[in-house]
1. Please name which of Pro319, Ser413, Thr305 has its Cα lying farthest along the dipole of segment 300-415 towards the positive end, using unit charges on Cβ (Lys, Arg +1; Asp, Glu -1) and the Cα centre as origin.
2. Hey, rough spin-label estimate for Met268 and Ala313, points 7 angstrom out along Cα→Cβ, what's it come to in nanometres?
3. Calculate how many DSSP beta bridges within segment 250-432 are antiparallel, expressed in % of all such bridges and rounded to the nearest 5.
4. Each label point is 7 Å from the Cα along the Cα-to-Cβ direction; what then is the distance between the points at Ala441 and Ile33, in nm?
5. Here are labelled values, [x] 28.9; [y] 23.6; [z] 22.9, and one is the computed Kirkwood radius over Cα pairs in Å for what I pasted. Which one?
6. Give me the one-decimal nm value for the distance between modelled label points at Asp203 and Arg457, 7 Å along each residue's Cα-to-Cβ direction.
7. Just tell me the longest site-free run in the chain, where the sites are trypsin sites (Lys or Arg not before Pro) in a DSSP loop having at most 12 other beta-carbon atoms within 10 Å.
8. State the antiparallel share, in %, of DSSP beta bridges confined to the chain, rounding to the nearest 5.
Amino acid sequence: MKAITKVYINGEFVTPHGTEVLDLISPTTGHKIGEVILADEIDTQNAIAAAQAAFKTYSKSTKAERLAHLERLLEVVTRRKQDIIDVSVEEYGGTLQFSSLVAQNAINDITAMIETLKNFDLEPTTGRTKVHLQPVGVVGVIIPWNMSNGFIVTKLSTALAAGCTAVVKPSEMSAMQTQVMTEIFHEAGLPKGVVNFVTGMGDVVGAELTRNPGISKIAFTGSTGVGKIIAKGAVDTMKRVTLELGGKSPNIILDDANLQVAIPTALMMAFFNSGQACAAATRLLVPENRLEEVNAIAKAAAENTKVGDPRDADTVVGPMVSKKQYERVEGYIQAGIDEGATLLTGGMGKPEGLEAGNFAKATIFTNVKNHMRIAQEEIFGPVLSIIPYKDEADAIAIANDTAYGLCGYVSSSDNKRAHRVANQIDAGRICINGIFHDSEAPFGGFKQSGMGREYGRFGLEVYLEPKAILEE
């Protein structure tokens, strides 16, 4: 059993002021695998003070100095890639496939930020005026449990590139993963106080970060509901905010797509990270005159989708992160049944042989109406809704008939047509004929999927304040 008894403040592992102990439960087995002492407001205030003191020096660092820090961080993350994978599988129940992808993307994200910073002009001229882009200040980084170490690397590599210091509040359910990442940042040899980690509850540590005037910016990934609370709290001290929130992403299968390829791919896009992903393509929009064909392919593909031990290389859907999350998913499956959607495969209850963990069945509903809860609300589990449409215009209208706008997906054999449709979807990132990641492309949401962007130059800019310096 792993006992996590320290927080990381001012370059040191210190005993927290907080005394509350949280048990860490394996989502795969239901057994206790560790415990963590949670940080409190005092710990958070100490971390903020350390970051403020470090900011005085680090904010004046040169581009070359920041690049050197990022390159050292890249070296350590790369060397400890397997540790990042292993702890994700053990603590979170992330599948080996997904956890490996997250670890590699973390490496790619740092690499991309190094290249972005190399080519980024921190003192551009516009018109006749020199603009100095200075770091925004101390950043409060608040992240969820579904891709914990990936979020840490993305946000902190950007903050470091901008010259900001940071206090990180990871999910309390990700304490073992955070411990590994804290060790990595410590080993990278950053100046004391530049990065601080305080694992605690959202209504304690997160609330202190949101209200404390020593924090200049909040970078948050999580639910839309919590994002709204943070935005409201941040306005009192005029904090800058980047909010990457929920999604209910449409995947439009156009009538010229190869269904034998597009539909199995669509299931992979819906079920990746066991469905616990804001970018998951959970609404599958298909031509109504091909619905029966789609149903047959989808059912066969789902029944060949392995739900099981996340350590197995062929497992696609692992456990839900907690009993509470499992019960949430079950509630939505029951809601889909109650609302009259057709249960194509999956359904209520745990798969046979997996009763000890938080495993939900890979579930598909068809003949779903877009007004149903399973089509409008973020489930965060392996539940896919197949929605028929009449024509291309109807598909676009259904795709945009949502409060969210994080991602969208289009499948077509005609690239020009796919681009035409993609341009009409109200979302921050659109993928054509698959699901892809580009560490330099902006990522963020329209509507209630958030505000601001991450990755590359678009992500770096929101950690910088432009100061115009005019002269005659």
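1. In segment 300-415, that residue is Pro319.
2. 1.6
3. On the way: 3 of 22 bridges.
Here the antiparallel bridges make up roughly 15 percent for segment 250-432.
4. Each label point is offset 7 Å from its Cα along the Cβ direction, giving 3.2 nm.
5. Of the labelled values, this structure produces [z].
6. The modelled label-to-label distance comes out at 4.5 nm.
7. On the way: sites that count: Lys60, Arg128, Lys390.
Between the exposed loop sites, the longest stretch runs 129-389.
8. Numbers: 23 of 62 bridges.
Antiparallel bridges: around 35 percent, rounded to the nearest 5.
Every number in this text was worked out from the coordinates using simple rules, so none of it is lab data. Computed from a predicted structure; not experimentally measured. Quick reminder, even Gly has a Cβ in these numbers, built from the backbone with ideal geometry, and neighbours come from all protein chains shown.
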